[in-house]
Amino acid sequence: MIIAIDGPAASGKGTLGKQLAAHYGLRHLDTGLLYRAVAKALLDAGLLPSDEAAAVAAAKALDPSRFAPAALKASAVGEAASVVSAIAAVRAELVAFQRDFAARPPGAVIDGRDIGTVICPDADVKIFVTATPEVRAHRRALEFAASGQGMDEAAVLADIRARDARDMGRAAAPLKQAADAHLLDTTNMDISTAIRAAIDIVEAGRVGRGRD
Ligand code: DC
């Protein structure tokens, strides 16, 4: 089974993806980490995330088995990832890895921005997770505080709005809900309610296609 989860920054898709994968015994891929790793390679080399040739070279050289997710979670890396991910040639370099990951048995939960639309258009279940920018900023600010990165919530909200605009407005695989994706708005849900709702969506999808 392949479950595709898409949604904007800080919508909770990573947490949902991890929990759904554990629930169904599937592998999990947070594809944001791929773009974050490309962005971090550029930042570490003192290059701009908009440097197309360097970004494509970094994407080609990527070794996802050596990721250190903690170092990739910084807000500056997320911002830079949003810039590199708008480069079509960078996205093209990362397609095969994502599709291969999805295809390996027993299947996977993959989360990102274009999973249901581009990477796995034939996914068994597609979920588009969202929440208002204010709620997402509040959750993200709490996460930053918990990890010791003090961040003003108004600044986090401004970053989230900028990121939404860039991720939805780009020409290459923009963030959008696939026509056959189920919308999960978690604005008024805590995490356990959201997980329950996501499982209900998957179960309804499985019944619809004969529970294979
Ligand atoms: O989900 P995230 O915050 O870790 O993603 C970081 C950036 O990477 C995001 O702003 C846009 C980009 N991204 C993408 O374009 N496509 C994906 N499948 C995943 C992330």
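The values are calculated or read from the model by the stated rules, or taken from the named source; none is laboratory data. This one's a predicted model, so the numbers in the text were calculated from it and none came from an experiment. Quick reminder, even Gly has a Cβ in these numbers, built from the backbone with ideal geometry, and neighbours come from all protein chains shown.
Just a few scattered comments:
- Checking residue 186 against (1) of a type outside the set (A, V, I, L, M); (2) modelled with pLDDT of 95 or more; (3) more than 27 Å from residue 1 (Cα to Cα); (4) within 16 Å of the ligand (Cβ to nearest atom), the condition it does not meet: (3)
Residue-by-condition table, conditions (1) within 11 Å of the ligand (Cβ to nearest atom); (2) farther than 12 Å from residue 38 by Cβ; (3) more than 14 Å from the chain's Cα centre (by Cα):
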site	(1), (2), (3)
83	yes, no, yes
87	yes, no, yes
92	no, yes, yes
98	yes, yes, no
101	no, yes, yes
111	yes, yes, no
117	yes, yes, no
120	yes, yes, no
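- Failed item, numbered, when residue 48 is tested on (1) within 13 Å of the ligand (Cβ to nearest atom); (2) outside any helix (DSSP H, G or I): (1)
- Subset of region 53-75 (residues that are loosely packed, with under 15 Cβ neighbours inside 10 Å, over 16 Å from the mean Cα position of the chain (by Cα) and not in a loop (DSSP other than H, G, I, E, B)): 53, 60, 65, 66, 71
- All positions within region 144-161 that are over 21 Å from residue 16 (Cβ atoms) and in contact (Cβ under 8 Å) with a residue 24 or more places away in the chain: 149, 151, 157, 159, 161
- Hits in region 19-45 (condition: out of contact with any helix residue (DSSP H, G or I) (no Cβ under 9 Å at 6 or more places or on another chain) and either in a helix (DSSP H, G or I) or under 13 Å from residue 5 (Cβ atoms) (or both)): 21, 22, 44
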